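The values are calculated or read from the model by the stated rules, or taken from the named source; none is laboratory data. In this text, all values refer to a predicted model and were calculated from it rather than measured experimentally. Note that we place each Cβ from the backbone using ideal geometry, even for glycine, and neighbour counts take in every protein chain shown. Side chains are part of the model used for accessible areas, which takes the heavy atoms of the whole protein and leaves out ligands, DNA and RNA. Shrake-Rupley method; radii C 1.70, N 1.55, O 1.52, S 1.80 Å.
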Number of protein chains: 2
Amino acid sequence: MGLFSKTINTLDDLFVHTLQDIYYAEQQIAKNLPTMVQKATDPQLKQALQQHLTETEHQVTRLEQVFRMHGQPVKGTTCAAMDGIIEEAKDILGVANDNDVKDAAIISAAQAVEHYEITRYGTLVAYARELGRQDCATLLQQTLDEEHAADRKLTALAESRVNRKAA
Amino acid sequence: MGLFSKTINTLDDLFVHTLQDIYYAEQQIAKNLPTMVQKATDPQLKQALQQHLTETEHQVTRLEQVFRMHGQPVKGTTCAAMDGIIEEAKDILGVANDNDVKDAAIISAAQAVEHYEITRYGTLVAYARELGRQDCATLLQQTLDEEHAADRKLTALAESRVNRKAA
């Protein structure tokens, strides 16, 4: 949740900060996924990442809706975790030579991204429910379900094709 | 996986690098969990974190076993993702005033840690199997199962007690 000066006094403050954290994270994903799509070689992997890029753009819009429903300005705050996940992905792709190994590394990086989203959206859904914002919870749950599905798809791709080719 | 100069040519190289990444991450967790235990107020949360600290120490030992089984030196490599997750946790705990809200923030931070471990151990198990290292896969799967259990426990604590008190 980056460096911020605001004090967190209530669960509502924590909810809004977590929204800002994942909003920044989603924007970083949207910015960096195209490079992963481009670097991927396996056609099914390329297609899955491309599809997830479209999904990410919808998720950003959905987050903006949640901010508005909750009467908050649409705003991100530096997410050191997502910055770190993306930095690792760039590092590994910078030194992976073989295309099949690169594909395996891309899946691993993409799953690290998914799991960060899963944990934060899971938290956000729980906070929204606790705060009596079932309307926000419903929207956030839609994204959470998509993240779980994307993660399962990547696992299936890794196990059925990509890791096999890389081994 | 930090900044490294080594080239990744094979799935085996990727496996070893991911082992080094999570080895560093586990050590950072072991170093920072005691502060979270100390800052937690809810007795059940305190106990769950304390238990996970003990588990983390076993997981470090288990990783050292995997390095040795695979004929590799026991070594970590900077994990920017875990550094970022821990930085966010420190930031939020630094500005959360209310004890119940702090407990909710601790759970969120701990679940981000768990999910990073879940994604990396999941990848490691898949790589180990693909590389024909069922012996390594079995050990890594034990840790993966523990991480899933720890995450479920934190979700249950958040939903049954901690978020409620914070709201």
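General remarks:
- Residue count, segment A:1-57 (criterion: over 27 Å from B:ALA105 (Cβ atoms), in a helix (DSSP H, G or I) and of a type in the set (Asp, Glu)): 2
- Selected residue [closer than 18 Å to A:GLU87 by Cβ, out of contact with any strand residue (DSSP E or B) (no Cβ under 8 Å at 6 or more places or on another chain) and charged (D, E, K, R)] from B:ASP83, B:ASP42: B:ASP83
- Answer from A:VAL74, A:VAL60 - the residue that is out of contact with any Gly (no Cβ under 7 Å at 6 or more places or on another chain), β-branched (Val, Ile, Thr) and part of a loop (DSSP other than H, G, I, E, B): A:VAL74
- Search result, residues across segment A:140-167 that are open to solvent by less than 50 Å² (accessible area, probe 1.4 Å) and of a type in the set (Asp, Glu): A:GLU146, A:GLU147, A:ASP151
- Unique residue being on the phi < 0 side of the Ramachandran plot and in contact with a strand residue (DSSP E or B) (Cβ under 7 Å, 6 or more places away or on another chain) when the list is A:VAL101, A:VAL37, A:VAL74: A:VAL101
- Scanning segment A:1-50 for residues that are open to solvent by 20 Å² or more (accessible area, probe 1.4 Å), at pLDDT 95 or above and within 8 Å of another protein chain (Cβ to nearest Cβ) turns up A:THR10, A:ASP13.
- Residues of segment B:120-135 that are assigned to a helix (DSSP H, G or I) and within 14 Å of another protein chain (Cβ to nearest Cβ): B:ARG120, B:TYR121, B:GLY122, B:THR123, B:LEU124, B:VAL125, B:ALA126, B:TYR127, B:ALA128, B:ARG129, B:GLU130, B:GLN134.
- In segment A:89-119, the residues that are facing chain B (nearest Cβ under 7 Å) and either β-branched (Val, Ile, Thr) or open to solvent by 10 Å² or more (accessible area, probe 1.4 Å) (or both): A:ASP91, A:ILE92, A:VAL95, A:ASN97, A:ASP98, A:VAL101, A:GLN111, A:HIS115, A:ILE118, A:THR119
- Scanning segment B:54-88 for residues that are open to solvent by less than 30 Å² (accessible area, probe 1.4 Å) and either within 9 Å of another protein chain (Cβ to nearest Cβ) or under 13 Å from the mean Cα position of the chain (by Cα) (or both) returns B:THR56, B:GLN59, B:VAL60, B:LEU63, B:CYS79, B:ALA80, B:ALA81, B:MET82, B:GLY84, B:ILE85, B:ILE86, B:GLU88.
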